[in-house]
Amino acid sequence: MVSKYENMKTILITGGAGFIGSHVVRLFVNKYPDYKIVNLDKLTYAGNLANLKDVENKPNYEFVKGDIVDGDFILQLFEERQFDGVIHLAAESHVDRSISNPTEFVYTNVIGTVNLLNAAKHIWKDDFSDKKFYHISTDEVYGSLGEEGIFTEETRYDPHSPYSASKASSDHFVRAYHDTFGLPVIISNCSNNYGSYQFPEKLIPLFINNIRNKKPLPVYGKGENVRDWLWVVDHARAIDVIYHKGKTGDTYNIGGFNEWKNIDLIRTMCRVMDKKLGREEGESEKLITYVKDRAGHDLRYAIDATKIKNELGWEPSVQFEEGISKTIDWYLDNEEWMKNVTSGDYQKYYDKQYLNR
Ligand code: NAD
Ligand code: TYD
């Protein structure tokens with residue numbers, strides 16, 4: 001008997017146990033019962049299967065634990081599973097960690113990506129019909145803006161941190177495999193994401209957790225750096241649209257036209273949380289502590305997301321005020337999740353990163 005799942009399209013999502021990956025896996029597993037979704041993740045400190053509890057028993061979902069840096073393992077997995085498409089999110093993703101340990105970023109972000117490209121090229125040979133290799137990247141590859149300007153898909157790459165240099169390098173390899181071997185690739189470059197299941201080393205979940213626990217809020221430098229924030233669910237929606245309707249060989253910028261100076265964002269979070277926690281207005285702002293700036297700290301990122309709107313009809317579904325309020329509620333309601341991910345190794349990282357800063 002032919003199994004119901006034998007003729008399904010099989011899509012590999014790498015890094016699906018991480019922050020953005022878990023939202024993408026959730027969306028694809030629920031929205032496309034006719035796809036088989038294979039989530040490949042090494043489960044580093046940032047990967048957590050608890051992020052996917054609600055889909056883990058779905059018949060069209062499967063988790064595989066593995067390292068994209070292991071080329072033989074990746075090749076074998078592709079040969080066995082004959083993936084029709086790849087959505088590649090696995091990466092080392094935190095700038096501060098890339099400053100203390102750049103090499104790890106080269107292994108995972110560059111070599112890991114090349115291993116996946118080689119495996120896709122190997123199994124697809126020259127028959128690329130209906131195949132897709134979609135690489136998820138960041139706006140940080142474009143470098144830093146001054147007071148003016150905005151990143152378009154034509155902006156020249158100018159990465160400054162080891163993280164953004166490794167992502168830029170992986171983007172170049174993905175394009176090179178398109179131009180040299182004809183591999184059907186797509187790349188998107190997204191701005192800063194916020195939302196549920198983000199590891200609390202990044203600004204928003206870290207500060208929500210510290211505000212709740214009345215711990216200092218370590219603002220780098222003067223807090224004048226600007227980031228362009230997008231709700232993670234909207235990024236997952238954009239990935240869905242690009243995977244299905246994007247033009248092979250193209251790049252799409254994703255962002256919410258939502259720029260915030262760090263200090264303004266932090267004050268807003270303090271105000272919203274004072275209300276939610278029944279604290280006196282201004283209480284949480286007293287936790288703000290200015291600390292030594294990040295080395296090579298990019299001043300400003302801003303994404304021009306006109307192309308994805310005009311060509312694919314994607315737009316963010318929520319305004320920032322609504323998104324940040326939902327996000328704060330999620331972290332307040334999921335204290336257990338936060339406790340689990342902030343125990344053990346994370347505490348060592350936190351002490352090293354912030355004590356004596
Ligand atoms: P994350 O750190 O939360 O998750 C990364 C995931 O990759 C984790 O589950 C981890 O276990 C897995 N992983 C790491 N190394 C691996 C390896 N060697 N083999 C297999 N799995 C491995 O990251 P995120 O914030 O969800 O980012 C996902 C992707 O989106 C990254 O490629 C990142 O560069 C990109 N991106 C992130 C943002 C953002 O704001 N977070 C914005 C734009 C683009
Ligand atoms: P982060 O969430 O690390 O994202 P990225 O560096 O990839 O943009 O940081 C967002 C901004 O917040 C960035 O300008 C650095 C700043 N920041 C702080 O001021 N204090 C912190 O403790 C952290 C983690 C970040």
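The values are calculated or read from the model by the stated rules, or taken from the named source; none is laboratory data. Keep in mind the model is a prediction, meaning the values are calculated, not measured. Cβ atoms come from the backbone with ideal geometry, glycine included; neighbour counts cover every protein chain shown.
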Of those in segment 71-103 that are away from ligand 1 (no atom under 11 Å from the Cβ) and surrounded by 22 or more Cβ atoms within 10 Å (Cβ to Cβ), the residue nearest to Tyr45 (Cα to Cα) is Val86
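Table: residues versus (1) within 16 Å of ligand 2 (Cβ to nearest atom); (2) touching a strand residue (DSSP E or B) at 6+ places or on another chain (Cβ under 6 Å).
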| site | (1), (2) |
| --- | --- |
| Ile87 | no, yes |
| Glu92 | yes, no |
| Tyr107 | no, no |
| Trp124 | no, no |
| Phe133 | no, yes |
| Gly146 | yes, no |
| Gly149 | no, no |
| Glu153 | no, yes |
Looking at Asn253, Asn209, which one is assigned to a helix (DSSP H, G or I) and either within 12 Å of ligand 1 (Cβ to nearest atom) or farther than 25 Å from Phe128 by Cα (or both)?
Asn209
Within segment 104-127, how many residues turn out to be surrounded by fewer than 17 Cβ atoms within 10 Å (Cβ to Cβ), closer than 29 Å to Ile303 by Cβ and either of a type in the set (S, T, N, Q) or over 20 Å from the mean Cα position of the chain (by Cα) (or both)?
0
I'd like to verify a number: residues in segment 95-112 that are among the acidic types (Asp, Glu) and in contact (Cβ under 8 Å) with a residue 60 or more places away in the chain, how many?
1
Residue selected from segment 260-302 under the condition among the small types (Gly, Ala, Ser) and under 22 Å from Arg97 (Cβ atoms), by the criterion farthest from ligand 1 (Cβ to nearest atom)
Ala295
Please go through segment 113-157 and pick out each residue that is without any contact (Cβ under 8 Å) to a residue 60 or more places away in the chain, in a loop (DSSP other than H, G, I, E, B) and of a type in the set (Gly, Ala, Ser).
Ser129
Among the residues of segment 326-338, is any away from ligand 1 (no atom under 16 Å from the Cβ), among the aliphatic types (A, V, I, L, M) and within 19 Å of the chain's Cα centre (by Cα)?
yes
Is one or more of the residues making up segment 213-228 within 11 Å of ligand 1 (Cβ to nearest atom) and in contact (Cβ under 8 Å) with a residue 40 or more places away in the chain?
yes
Restricting to segment 18-70, and then to whatever is of a type in the set (Gly, Ala, Ser) and within 17 Å of Phe83 (Cβ to Cβ), can you tell me which residue is surrounded by the most Cβ atoms within 10 Å (Cβ to Cβ)?
Gly21
Checking the condition among the polar types (S, T, N, Q) and either buried (at least 19 other Cβ atoms within 10 Å of the Cβ) or within 22 Å of Gly47 (Cα to Cα) (or both), which residue from Asn213, Asn193 passes?
Asn193
Going by the conditions given, is Ser196 assigned to a loop (DSSP other than H, G, I, E, B) and either among the acidic types (Asp, Glu) or away from ligand 1 (no atom under 11 Å from the Cβ) (or both)?
yes
I'd like the full set of residues that are within 16 Å of ligand 1 (Cβ to nearest atom) and polar (S, T, N, Q), limited to segment 128-150.
Ser137, Thr138, Ser144
Selection from segment 344-357 of residues closer than 15 Å to Leu206 by Cβ and more than 14 Å from ligand 2 (Cβ to nearest atom) yields Gln347
Just need a number here: residues in segment 9-61 that are closer than 15 Å to Tyr243 by Cβ, part of a loop (DSSP other than H, G, I, E, B) and away from ligand 1 (no atom under 16 Å from the Cβ).
2
Go through the residues of segment 185-200 one by one and say whether even a single one is within 15 Å of ligand 2 (Cβ to nearest atom), more than 28 Å from Lys31 (Cα to Cα) and either charged (D, E, K, R) or free of Cβ contacts under 8 Å to residues at least 60 places away in the same chain (or both).
no
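Hey, does segment 53-66 have a residue that's free of Cβ contacts under 8 Å to residues at least 60 places away in the same chain and of a type in the set (A, V, I, L, M)?
Initial filter on segment 53-66 (free of Cβ contacts under 8 Å to residues at least 60 places away in the same chain): 53-66.
Remaining after also requiring of a type in the set (A, V, I, L, M): 55, 64.
Yes, because at least one residue in segment 53-66 is free of Cβ contacts under 8 Å to residues at least 60 places away in the same chain and of a type in the set (A, V, I, L, M).
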What is the residue count in segment 215-256 for residues that are at pLDDT 95 or above, more than 13 Å from ligand 2 (Cβ to nearest atom) and within 28 Å of Gly146 (Cα to Cα)?
9
Take Glu6 and tell me if it is more than 10 Å from ligand 1 (Cβ to nearest atom), at pLDDT 95 or above, acidic (Asp, Glu) and under 25 Å from Ala119 (Cα atoms).
no
